[in-house]
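We did not get these values from a lab; they are worked out from the coordinates using the rules stated. These figures come from a predicted structure and were not determined experimentally. All Cβ positions, even for glycine, are placed from backbone atoms using ideal geometry, and neighbour counts span all protein chains on display.
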C-alpha cells in the first residue's frame, strides 16, 4: 500500500470510529435518561395484550339430564378507532342490520383515536344471525369467515370487530324460571339457583398477558369450567305443575299461585312453581313483570298467614305432649275466649261434642284454641321452634324468608296471639316451611331439609348431595297418628282433594289476609298441604291460591288444585293405584274443612 | 552428509500477511453470517409455530363455544314445549289416569339416578392409559428386556 494513500484510510477509519462511538453513546444515553423508564414501560405494554379467560358457566340439568340452563354464543361489536374511515357507514350498517341506535353508534365511532381511546364497544349480546348479516354485508366480496374477528368485508366497515363470547341460554324459556333465576350481562346470577350457586357455576376467571411476539407464545393456562349442577327438579313434573297451577288461577280468578312438590323421604324438590314467571332469555323484562315488590319465588320468598293448615302443627304438638289423643272429647260451643278476644269457628256455628279427630276433620278454630291453651304457651312455642317456624329452612335457593313468629316475652306478644296462632292466624310462614314441617309426619317424626341440587359436577367428578335432617320435633308414633287422622278426615269429608285409587292425608287452610287495620273483608288465602300414598308416601304437595274470586274457601279452590296435581303426578311417577277410596270424590262443594 | 539449515530472511511477505488478515476477517464475517442465519432460521420457525399455536388456541376456544352453542340448540329443539308440540302433531295425547295399566315388576327400582361424571372418590376404569414406551427410561427398558429373557441382572430378584 503506498504510504501517500495511508491518510485516506486513516480518515475513513476515524470517521467510522467516531460514528460508531456516537451510536454507542446515544444508546447509552437513552438507557440512562430519565425517559428510559417510560420507554421500557411502553415497550412492555405494547409487547403483550391483557386477556381474561372466562370459563364457560356450568350447565344446569334437571334430574333426568335435560338442560335447563346452558350457554350460547353471542357477539360484542366494537370499533378499532384508529382504523375508522367512515363513522356514518358504520352507524348506518349497525342500525340497519343489528338494530343499534344510529346516533349512539355515530357518536362512539367518531371518537378520535388516542392512547387512551383505542377501542369502543358499539353493541353487545348480538345474536350470530345478525353478525352473519354483517359478515356478508358487501355481496360483491367474499364474506368474512365466522371465526374472523373482523365483522365485515366492506372496506368502510373494516374497523368493526366482532368478538364471540358465551352468554346464558335457557332452552325451556319460562319453565322453572322461579327457581332457576337468571344471569345478567355481567355474568352475575340473580335469584334462585343462579344466585345461590353463583361462585360454583361461574368458575374462576383468570387474567393473563398474551405476548404479541409470536416467538414468546406460551401455553394458555387451563382454566376449569364452572361446576355443573343436576337439580332434583323433574322437567315433566315441573311443566305439569305449572300448567295445572295456571289453569286453576285462571279458573278461580286468583291473584297469584304457588305449588311445591317434594319427595318427603329425601327432601328433593320435584317441582316448585309460582306466578308470575318470565322467559329467562329475556331477563331484561324483569322490572316490567315483577312490579310492586312482587317476590321472584313465592315458595321461598313470600310469607303469609297460613290459616287452618297450621292446625296440623298445633294438633301434632298436643298429641306429642300427651295433652290429647284422637279420641279426646271437647264440647264445642262455637266461641272460645282467650286473652280478651273471642274466637269463633269458620261458619260461626257450635259443633257440639267433638273428638280431636272431629276437630281436625271440621277444622274447628275453637277446639284448636282450647287445645293450644291446654298445651300451654311455653310448650306451644317450643314446638313452633322445633318445627322450624321463624327460621329459614336452609333450602338452597336465594332469597329465602324466615317468617314472623311472635313469642311470649316479645313486646308485641299477647295471650290472644296464642289463640290465633293455634289455627294459623297472627303467624307468618313461607310455603317451604310448611312443606318441611309436614315432612316430619312422613319420616317417623324427622324433618327433612328441602333441597334443589341433587349433584354437583366439578373437575370431572360428580358429588351427590345427601339427605339432611332438621331434627325430630315429634315422635314416630305422633307422626303416624297425625297421618292417619288427616287421611280419615279427608275421607270423612269426601274432600275434593281425594284422588281415586290413592289414600292421601292432608289439610285445607283458609286464612284471612292481614292489613294494618285488621283483616281484609271477603279476601282470603287458600291453601292445601297433603301427602301420599299414606302407606308409603312418595310426595308432599303444597298449593296456595291468593285471593281467589270464585270462592273464598280452600276446600272449593285449593283442594281441586291439589287433586289435579296429584292425579297427574302419580302417572308421571308411576305410582300404581292400590286403594279403594271410602268416600268417593265429590263435587258437591265445601265439606267440613274450610 | 552434512545437514544444511536455511534461515528465512522475512517471516512473511507483506502481501501474504494482508491475505491472511483478509482471510481471518472473511472467516469471522462468514461465521457471524452463519450464526445470524441460524438465529434467523430458528426465530422464523419459532414465530411460525407460535402463530400456529395461537391460532390453535383460538380455534380451541371457538370450538368450545360452538359445542356449548350446539348443546343449547339441541336442548331448545328437545325442550318440553317443543316435544309436546311434536307429540301432538304426531297424533299423541296426554294419557288419562284411568287409561294407564300398571305392571309390577319384582326387583325393578325405577329409573337410575343420573350419572354425568364418575362419582368423586370412586374407582373409574375407563381412563385410557399411556403405553409404557412413552414414559419408561432406557434403563427401565433394558431392565425389562433382561427380565423378559430371564437374566434378572438389573431387577435384583
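Take every residue in peptide B:60-72, count the Cβ atoms of other chains within 10 Å of its Cβ, and give the average of those counts.
On the way: counts 1, 7, 4, 1, 5, 9, 4, 2, 11, 9, 3, 7, 13.
For this peptide, the per-residue mean of nearby foreign Cβ atoms is 6.
Mean partner shielding of peptide A:348-357, defined as the number of other chain Cβ atoms within 10 Å of each residue Cβ, is 0.
When the helix-only estimate is applied to the protein assembly as shown (DSSP H runs of n ≥ 4, each -39,500 (n - 2.57), divided by the residue count), what is the mean residue ellipticity at 222 nm, nearest 500 deg cm²/dmol? Mind dumping the intermediate values first?
Numbers: 22 runs with 285 residues, N = 751.
Mean residue ellipticity, 222 nm, calculated: -12000 deg cm²/dmol.
Reported to the nearest whole Å, the Cα centre-to-centre distance from the stretch A:192-271 to the stretch A:374-451 is 29. With the highest mean first, a sort of the peptides A:549-560, A:323-334 on other beta-carbon atoms found within 10 angstrom per residue produces A:549-560, A:323-334. Here chain A carries DSSP beta bridges of which approximately 95% are antiparallel, counting only pairs with both residues inside.
To the nearest 0.05, how large is the calculated FRET efficiency for residue B:64 and residue B:119 if R₀ is 22 Å and r is the Cβ-Cβ distance?
Working: r = 25 Å, r/R0 = 1.15.
The calculated FRET efficiency here is 0.30.
What is the angle, in °, between the Cα long axis of helix A:431-442 and the longest principal axis of the Cα atoms in chain A? Nearest 10 is fine, range 0 to 90. Result, in degrees: 60.
Overall form of the stretch A:157-292: prolate. Here a/c, set by the Cα gyration tensor axes a ≥ b ≥ c, is 1.5 or more, and a/b is the larger of a/b and b/c.
If R0 is 41 Å, what FRET efficiency do you get for residue A:140 and residue B:89 from their C-beta distance, rounded to 0.05? Spell out each step's value before the answer.
Working: r = 43 Å, r/R0 = 1.05.
So, using R0 = 41 Å, E works out to roughly 0.45.
Neighbouring Cβ atoms from other chains, within 10 Å of the Cβ of residues in A:455-462, number 5 on average.
Each Cα pair under 8 Å and six or more residues apart adds its sequence gap; the mean of these over the residue count of the stretch A:375-495 is a relative contact order of 23 percent. Sorting the segments A:20-31, A:289-300 by their mean number of nearby beta carbons within 10 angstrom, highest to lowest, gives A:289-300, A:20-31. Taken along the Cα-to-beta-carbon direction at a fixed 7 Å, the label points for residue A:199 and residue B:33 span 6.5 nm.
Can you tell me the 0 to 90 degree angle between the C-alpha axis of helix A:377-386 and the longest principal axis of chain A, rounded to 10? Its long axis makes an angle of about 40 degrees.
The long axis of helix A:365-375 is offset from the longest Cα principal axis of chain A by roughly 90 degrees.
Could you list A:526, A:149 in order of exposure, starting from the residue whose Cβ has the fewest other Cβ atoms within 10 Å? Please list the in-between numbers first.
Values: A:526 31, A:149 14.
Placing the least packed residue first, the sequence is A:149, A:526.
Could you list B:111, A:161 so that the one with the fewest beta carbons within 10 Å of its beta carbon is first and the one with the most is last? Could the numbers behind the result be given before it?
Working: B:111 9, A:161 19.
Fewest to most other Cβ atoms nearby, the residues stand as B:111, A:161.
Shape of chain A from its Cα gyration tensor (a ≥ b ≥ c, root eigenvalues): rounded if a/c is under 1.5, otherwise prolate when a/b > b/c, or oblate? Taking the square roots of the gyration eigenvalues as a ≥ b ≥ c, chain A is prolate. With the Cα gyration tensor of the stretch A:250-310 giving a ≥ b ≥ c as the square roots of its eigenvalues, does the rule (a/c under 1.5 for rounded; else a/b larger than b/c for prolate; else oblate) give rounded, prolate or oblate? It comes out oblate by the Cα gyration axes. Taking 7 Å steps out from each Cα toward its Cβ at residue B:13 and residue A:477 produces label points 13.2 nm apart. Sequence-distant contacts, meaning Cα pairs under 8 Å at least 6 residues apart, place the relative contact order of the stretch A:71-169 at 43 percent. Taking the centroid of alpha carbons for each part, the stretch A:95-123 and the stretch A:24-83 are 20 Å apart.
Tell me, what is the FRET efficiency for residue B:81 and residue A:391 to the nearest 0.05, using R0 = 30 angstrom and their Cβ-Cβ distance as r?
The pair residue B:81/residue A:391 has a calculated efficiency of 0.20.
Placing dummy labels 7 Å off each Cα toward the beta-carbon, the span from residue A:186 to residue B:45 is 5.0 nm.
Taking 0.36 nm per residue of sequence separation and removing the Cα-Cα distance, the residue A:415/residue A:349 pair yields an extension gain of 21.4 nm. Which residues in the stretch A:250-264 have a backbone N closer than 17 Å to a point placed 7 Å from the Cα of residue B:102 along the Cα-to-Cβ line? Within reach of a label on residue B:102, which here means backbone N under 17 Å from a point 7 Å along Cα→Cβ, the stretch A:250-264 contributes A:264.
Computed over chain A, relative contact order equals 14 percent, with contacts defined as Cα pairs under 8 Å that lie 6+ residues apart. Sorted ascending by nearby beta carbons within 10 Å, beginning with the fewest, A:9, A:137 become A:9, A:137.
If the chain linking residue A:500 and residue A:12 were pulled fully straight, counting 0.36 nm for each residue of separation and taking away their Cα-Cα distance, it would gain 164.2 nm.
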